[in-house]
Amino acid sequence: MIDQATINKIFDTVDIVDVIQDFVSLKKRGANHIACCPFHDEKTPSFSVSSSKGIFKCFGCGKAGNAVTFVQLHENISYVEALKYVAKKYGIEIDERELTQEEQRQNDDRESILIALDYARQQFIKNLMETDEGKSIGLTYFKERGFSQAIINQFQLGYSLRTLSAFSKQALADGYKKEFLLKAGLCSERGQTGELIDFYAGRVIFPIHSVTGRVIAFGGRTLSAEKNVAKYKNSPESDVYVKNKTLYGLFFSKNAIVKKQKCYLVEGYTDVISMYQVGIDNVVASCGTSLTIEQAKLIRRFSPEVTVMYDGDSAGINASLRGIDILLEEGLTVKIVIFPDNEDPDSFARKHSASEVETFLTENEQDFIVFKSNFLLAESKNDPAKKAKVIGDIIQSVSVIPDNIMRMVYVKECSRMFDVDENTLVEELKRELAKKYYGKEYKDVKQLVTEKKRQKPIIPAVEGNCDEQEKELAYFLLKHGNHPLFENEHGSIDTVAQYIISELKKDDILLQNDCYKRIFNEYENLLIQNVEFSIKHFINNIDKQISEFAVNIISDEYELSEIWKRFGSNIPHEEDDLKRTIPRAITVYKLKLLSQTIDKFTIELNNSVADANNEKTTLITKKIIELNQIRKILSEKLKRVVS
């Protein structure tokens, strides 16, 4: 466990903007920073980060918390692991003892897999740098590709020995469990013997990192000339690695991507490394897969612009065109660079200086519409039918762009390039949009919109609980708990917290909502211990629900505009009205509880009448009358409070 003093030091040191910037490209807006939310799909930023308050809040999906909970949610790791990540970032030492065998067995699968993968990374590097086989085969290969020792070290490249079980035997001897070596995709089992066989035997190794820098998978390239041997073997998917949500090199390039607000997208590991080595450090790879929506979203979090690099192979380009639409749909500005025949980013970077590569990229970038039009038209060979198909294909790409103005700019450009009437292209665009948004073939867009509006909304069922009333009381407790409210019978002044808690305890009321109940209990304990209250105690709470609720309380979606501030407009403060709103909130809550109780007794009364149980009927009737009298008193009190 991490002691409380260390936890406090972490929260006192952390800059939430600095932490979140490692994962998301933030832009300053007023006192806060904003971005598109990394937790749900959106085109317009609703994710806000407040440096002064130390919190984040998405006004779209509702996710909220502090720097540690952000890392916890984003990386899907435990609270303790998120604390360790933040502590490491700021050089805060965490004194932890070595885990016992029993504790290792209890450690969750995800962490055990990550530990096994990091062990493998170290072994592969050791093989490359310290064994004769690694030096003569693996290191020689990397050097022949022009990789410097510095770049080999930075990307943590390695080598797996050719002996089929060399790594497995060493890992087992060092205490790593067979179960997690298999789950990490480092080994496989041979037949019925159960003997472990190394997955990457005889291959050079490219570690694949998460956004935070932990090794989550490997790519292994064979150096064998045999045709029946796969050139690359990649880790199978696991609890820590999902291929279509990962971009190779992002951990190393993310800061440069954010700084330059531009991302270069290539295909493979060596493309990334060679480009990085000549100074194109804002580059990532899709790891040989067709680009996925998740990868496009990942790029969009760091940059609004992406340049896709293609080699001169037209067949490869044709197969990759779908990726352009995926990038466009995520709101990215897309450009294309085509390398000369028989060249790819890796080979081109190795043959040219840094300045030559930079100049080539700058001079040969094309807007996606120019590139796609020229490429497809060249294939159509002036066939009118094929040309019409090309135009339809281009308009389909334009239709996925989320920004309406940008769509119309591209329509105008298409009209000019293809010498086709702009209105004709607009009609074609409407057809594509109708299919996309309404799932129907285009007939009359206005009619489709009308049909959509006529669809009855789904109205959620109203539950018979007091969540809203309890939420309001919890809100007052955390937002204004220390605010002085009323003079009590002893002549001293009760704070908002003391008044609310005493009012509820006076009637033996226990909150129904578990989260709000925990907040009240924790606050009451603070009062009993005479500990000075701070909202940070709840923002930085280990309980995620409590932390998120506290963040939501102090998150303001809108700031007072400068013009209001300049002219000194007198905006009333919530604190000014607490003597009215607090008693009202408590009375409303008690009335709701009473009504629920009366409803329950009424149902019971009806059942007892049906059973002809006169004694029980009398008792229930008496109870209902008593409760109704109390409800009447509270209702009168509420009218006085409101007025």
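Where a number appears in this text, it was derived from the coordinates with a stated rule and is not lab data. These figures come from a predicted structure and were not determined experimentally. Using ideal geometry, Cβ is built from the backbone for each residue, glycine included, and neighbour counts are taken over all protein chains shown.
I need the shape label for the stretch 179-275. Rule: rounded when a/c is under 1.5, else prolate if a/b > b/c, else oblate, with a, b, c from the alpha carbon gyration tensor.
Verdict is oblate for the stretch 179-275.
Which FRET efficiency, nearest 0.05, do Glu604 and Glu93 yield, Cβ-Cβ r, R0 51 Å? Spell out each step's value before the answer.
On the way: r = 62 Å, r/R0 = 1.21.
Rounded to the nearest 0.05, the efficiency is 0.25.
For helix 404-418, report the angle its Cα long axis makes with the longest principal axis of the Cα atoms of the chain; keep it between 0 and 90° and round to the nearest 10°.
Helix 404-418 sits roughly 30 degrees off the main axis of the chain.
Over the chain, what portion of Cα pair distances is larger than 38 Å, expressed as a whole percent?
Values: 109665 of 206403 pairs.
Result for the distance tail: 53 percent.
Expected output is a single nm value to one decimal: the length gained when fully extending between Lys245 and Thr44, i.e. 0.36 nm times separation in residues minus the C-alpha distance. What is it?
Taking 0.36 nm per residue and subtracting the Cα distance, the gain is 70.2 nm.
Taking every pair of alpha-carbon atoms in the stretch 4-89, give the share separated by more than 23 Å as a whole percent. Walk me through the numbers on the way to the answer.
Working: 653 of 3655 pairs.
When all Cα pairs of the stretch 4-89 are counted, 18 percent exceed 23 Å.
Along the Cα→Cβ direction, 7 angstrom out, place labels at Lys505 and Asp577. What is the inter-label distance in nm?
In this crude spin-label approximation the distance works out to 3.0 nm.
What ranking do Thr621, Thr292 get, fewest neighbouring Cβ atoms within 10 angstrom at the top?
Ranked by crowding around the Cβ, least crowded first: Thr621, Thr292.
Per the Kirkwood formula on distinct C-alpha pairs, the Rh of the stretch 107-241 is how many angstrom?
That comes to 15.0 Å for the stretch 107-241.
For each of Leu526, Leu181, count neighbouring Cβ atoms within 10 Å of the residue's Cβ, then give the residues from fewest to most. Present the calculation step by step, with values, prior to reporting the outcome.
Values: Leu526 17, Leu181 25.
Lowest count first: Leu526, Leu181.
Within 10 Å of each residue's Cβ, count the other Cβ atoms and sort Arg162, Arg301, Arg350 from fewest upward.
Arg162, Arg350, Arg301
With +1 on each Lys and Arg Cβ and -1 on each Asp and Glu Cβ, how big is the dipole of the stretch 193-319 about its Cα centre, in debye rounded to the nearest 20?
With Lys and Arg at +1 and Asp and Glu at -1, about 420 debye.
Take every Cα pair under 8 Å in the chain that's 6+ residues apart, average their separations, divide by the length, and report that relative contact order as a whole percent.
Working: 818 pairs, mean separation 53.3, N = 643.
Rounded, it is 8 percent for the chain.
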